[in-house]
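Asker: Attaching a single structure in structure tokens format; questions to follow.
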Amino acid sequence: MTNRPTVQTEVAHLQRSGRDTSTIPAVLSTWLSTVMQGGLKPEVTVESSVDANGMSSETIILTGRWTESGGAVQRKWVARVAPTEQDVPVFSVYRMDHQFEVLRLVAELTDVPVPQVRWIEPSGEVLGSPFFLMDLVEGIVPPDVMPYTFGGNWFADATADKQRELQDATVAVLAELHAIPDAAATFGFLLDADPPGENPLRRHFGWLKNWYDFAVPDIGRSTLVERALAWLERNFPDDVAAGEPVLAWGDSRIGNVLYRDFRPVAVLDWEMATVGPRELDVAWIVFAHMVFQELAGLAGLPGLPDVLREDDVRASYQRLAGVELGDLRWFYVYSAVIWCVVFMRTGARRVHFGEITKPDDVETMFYHGSLLRRLIDEEA
Ligand SMILES: Nc1ncnc2c1ncn2[C@@H]1O[C@H](COP(=O)(O)OP(=O)(O)OP(=O)(O)O)[C@@H](O)[C@H]1O
Ligand SMILES: [Mg+2]
């Protein structure tokens, strides 16, 4: 990420979120001595913290140092800490245990590169919020801030061939995840908290409606979202939804992958992982780029129109997964609504922390609003 906050600003951020960072090293050191084998008690240093775009969980980079068999050992870890209610979280529930388990299972069942997970503290009693530790992986991410489509970053400045190499290697990640057999049995726990429904997509759609309802009180209603939800209901893809579900990564964006030499070295950010149609991930990866293209357009920039085009992604996916996808429009609308609710929550957070005043119309925060209107035929 660009704009990586300094330790100082992050310490301020963590204090804002109610955690006393000065005690983190000692607290983690003691906790590690209870989970690491051999009675080790590492010395812990907080290196920095990544607030990415301030969207979801806190990401803290740590170093652990200890002596083992007479030798000095040093390891870098990343802690993912669930936000608390005072942080005005994006989601109503954070299942760190689910993220930990998905990462563990993906490592076990596929060759998709994911950070190795180490230990989880699910009770919230150690840091005030549940968290887990995973290994730090060296790599770079196409930036969200400023959006990679704005240019002036390693991805935008790369040759078209290199961009395509990265794109295809990322679509290959989707194909490989979707090839895990019996996803519903192995990853069914991801749907545990979703409302009942006749298939996973119905249940996820129920979750989406509840999540929108959760977002409304802090920031206001959006009639656009409500019309889009009604459109999704009217056009619900019963056939696709009845098919064999796959493990969907959920937040399948190139901005959630660490790359080295244009190849994925760590697939990150599993908090939206679910079980459902493969279209969820394929549409999301294309749509996320569309949103970034909209942002570039709003800034008067050309963006990267040749990157992540639907036809190319679809063809690569078909070649790699051996599955020809149907029309993705429903899933684009679905993705667009999810982006709306994310913007509602990040907007509510910014209002809460005094960064902006509450807008009269929540829809002014939907940078992709006209894209959504076009998708549901409200705009030419
Ligand atoms: N295991 C890891 N190794 C190295 N860096 C990591 C690791 N996990 C996370 N990061 C860094 O933290 C950033 C944010 O991680 P992630 O996308 O999982 O969090 P997030 O809070 O969901 O962020 P966002 O909301 O911006 O997507 C990544 O872009 C990456 O720079
Ligand atoms: Mg992320």
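The values are calculated or read from the model by the stated rules, or taken from the named source; none is laboratory data. All figures in this text were calculated on a predicted structure; none of them were measured in a lab. When we count neighbours, we look across all protein chains shown, and the Cβ atoms used for this are built from the backbone with ideal geometry, even at glycine. Only protein heavy atoms, including side chains, enter the accessible area calculation; ligands, DNA and RNA are left aside. Shrake-Rupley method; radii C 1.70, N 1.55, O 1.52, S 1.80 Å.
Asker: Which of these, Thr170, Thr149, Thr45, has the largest mean-square fluctuation under a Gaussian network model of the chain (Cα springs below 10 Å)?
Answerer: Among Thr170, Thr149, Thr45, the largest GNM mean-square fluctuation belongs to Thr45.
Asker: What translational diffusion coefficient, in µm²/s and rounded to a whole number, does the Stokes-Einstein relation yield for the chain at 37 °C and a viscosity of 0.692 mPa s, taking the hydrodynamic radius as the Kirkwood radius over Cα pairs?
Answerer: Working: Rh = 21.8 Å.
After rounding, the answer is 151 µm²/s.
Asker: Now for a separate question. Once each part is reduced to its C-alpha centroid, what is the distance from the range 263-305 to the range 156-187 in angstrom?
Answerer: 12 Å
Asker: Please give the contour-minus-distance gain from Glu47 to Arg374: 0.36 nm per residue of separation, less the Cα-Cα distance, rounded to one decimal in nm. Mind showing how you got there, number by number?
Answerer: Details: separation 327, 0.36 × 327 = 117.72 nm, distance 4.49 nm.
Taking Glu47 through Arg374 to full extension adds about 113.2 nm, to one decimal.
Asker: Given H placed on each backbone N at 1.01 Å, which residues far from Glu47 in sequence or on other chains put an amide H within less than 5 Å of it?
Answerer: Ile61, Leu62, Thr63
Asker: Using unit Cβ charges (K, R positive; D, E negative) and no other charged atoms, how large, in debye to the nearest 20, is the dipole of the chain about its Cα centre?
Answerer: Details: 33 positive and 54 negative charges, 139 e Å.
Charge dipole, the chain, about its Cα centre: 660 debye, nearest 20.
Asker: Follow-up. Most mobile of Asp261, Asp97, Asp87 per a Gaussian network model of the chain (Cα springs, under 10 Å)?
Answerer: Looking only at Asp261, Asp97, Asp87, the largest GNM fluctuation is found for Asp261.
Asker: Here is a follow-up. I'd like the Karplus ³J(HN,Hα) series for the range 59-76: coefficients 6.51, -1.76, 1.60, θ = phi - 60°, whole numbers in Hz, and an x wherever there's a Gly or Pro.
Answerer: 10, 10, 9, 10, 10, x, 10, 7, 10, 9, 6, x, x, 7, 10, 9, 9, 9
Asker: Angle between the Cα long axis of helix 160-178 and the longest principal axis of the chain, 0 to 90 degrees, nearest 10?
Answerer: Once rounded, one gets 80 degrees.
Asker: Identify, among Thr23, Thr110, Val286, the residue whose Cα sits farthest towards the positive end of the charge dipole of the chain, taking +1 on the Cβ of Lys and Arg and -1 on the Cβ of Asp and Glu, with the dipole about the Cα centre.
Answerer: In the chain, that residue is Thr23.
Asker: Turning to a different aspect of this structure: Work out, step by step, the length gained on full extension between Thr223 and Asp327: first 0.36 nm times the residue separation, then minus their alpha carbon distance; give nm to one decimal.
Answerer: 34.9 nm
Asker: Ok, one more. With a point put 7 Å past each Cα toward its Cβ, work out how far Arg234 is from Arg104 in nm, to one decimal.
Answerer: 4.6 nm
Asker: With the crude spin-label approximation of a point 7 Å out along Cα→Cβ, what separation in nm comes out for Glu85 versus Met36?
Answerer: 3.6 nm
Asker: At a 1.4 Å probe, what is the % contribution of carbon and sulfur to the accessible area of the chain?
Answerer: Values: 8100 of 16350 Å².
With neighbouring chains kept in place, the figure for the chain is 50 percent.
Asker: Tilt of helix 279-298 relative to the longest C-alpha principal axis of the chain, in degrees (0 to 90, nearest 10)?
Answerer: Approximately 80 degrees, to the nearest ten.
Asker: I want to verify a result. In a Gaussian network model of the chain, Cα cutoff 10 Å, which of these has the top mean-square fluctuation: Asn256, Asn235, Asn210?
Answerer: Asn235
Asker: A follow-up question, please. Among residues other than Glu176 whose Cβ falls under 14 Å from its Cβ, what is the net charge (Lys/Arg +1, Asp/Glu -1)? Don't jump to the answer; show the numbers that get you there.
Answerer: Details: positive: Arg263, Arg278, Arg319; negative: Glu108, Asp111, Asp168, Asp281.
Net local charge, Glu176 excluded: -1.
Asker: Choose one of Leu232, His204, Ala215: the residue whose Cα lies farthest towards the positive end of the charge dipole of the range 179-234 (beta-carbon charges +1 Lys, Arg; -1 Asp, Glu; about the Cα centre).
Answerer: Value computed over the given set: Leu232.
Asker: DSSP loop (so not H, G, I, E, B), at most 15 other Cβ within 10 Å: list which GluC sites (Glu not before Pro) in the range 181-244 pass both filters. Present the calculation step by step, with values, prior to reporting the outcome.
Answerer: Values: sites: Glu198, Glu226, Glu233; in loops: Glu198.
For GluC sites (Glu not before Pro) across the range 181-244 that sit outside H, G, I, E and B with at most 15 neighbouring Cβ atoms in 10 Å, the list reads Glu198.
Asker: Here's something else I'd like to know. List the equivalent ellipsoid semi-axes of the range 37-166 in whole Å, largest first, each obtained as the square root of 5λ for an eigenvalue λ of the Cα gyration tensor. If you can, show how the numbers build up before the last one.
Answerer: Details: eigenvalues 165, 90, 51 Å².
The answer is 29, 21, 16 Å, longest axis first.
Asker: Something else now. Net charge within 11 Å of Arg95 by Cβ-Cβ distance, Lys/Arg positive one each and Asp/Glu negative one each, not counting Arg95 itself?
Answerer: Net of charged neighbours comes to -4.
Asker: Could you please report the charge total around Arg314, scoring K, R as +1 and D, E as -1 over all other residues with beta-carbon less than 11 angstrom from its beta-carbon?
Answerer: On the way: positive: Arg309, Arg319; negative: Glu279, Glu310, Asp311, Asp312, Glu324, Asp327.
Value of the local net charge: -4.
Asker: Another one. Need one value: the accessible area of Glu379 in square angstrom, 1.4 angstrom probe, rounded to the nearest 10.
Answerer: Result for Glu379: roughly 70 Å² accessible.
Asker: Figure the gain on full extension for Trp119 and Ile180 (residue separation times 0.36 nm, minus the Cα-Cα span) and round it to one decimal in nm. The partial results should precede the final answer.
Answerer: Values: separation 61, 0.36 × 61 = 21.96 nm, distance 2.43 nm.
That pair, Trp119 and Ile180, stretches by 19.5 nm at full extension.
Asker: Principal axes first, then extents: for the Cα atoms of the range 227-380, list largest minus smallest coordinate on each axis, whole Å, largest first.
Answerer: For the range 227-380, the Cα spread along each principal axis is 49, 43, 30 Å.
Asker: Rounding to the nearest 20 debye, state how big the charge dipole of the range 110-251 is about its Cα centre with +1 on each Lys and Arg Cβ and -1 on each Asp and Glu Cβ.
Answerer: On the way: 9 positive and 23 negative charges, 92 e Å.
Roughly 440 debye for the range 110-251.
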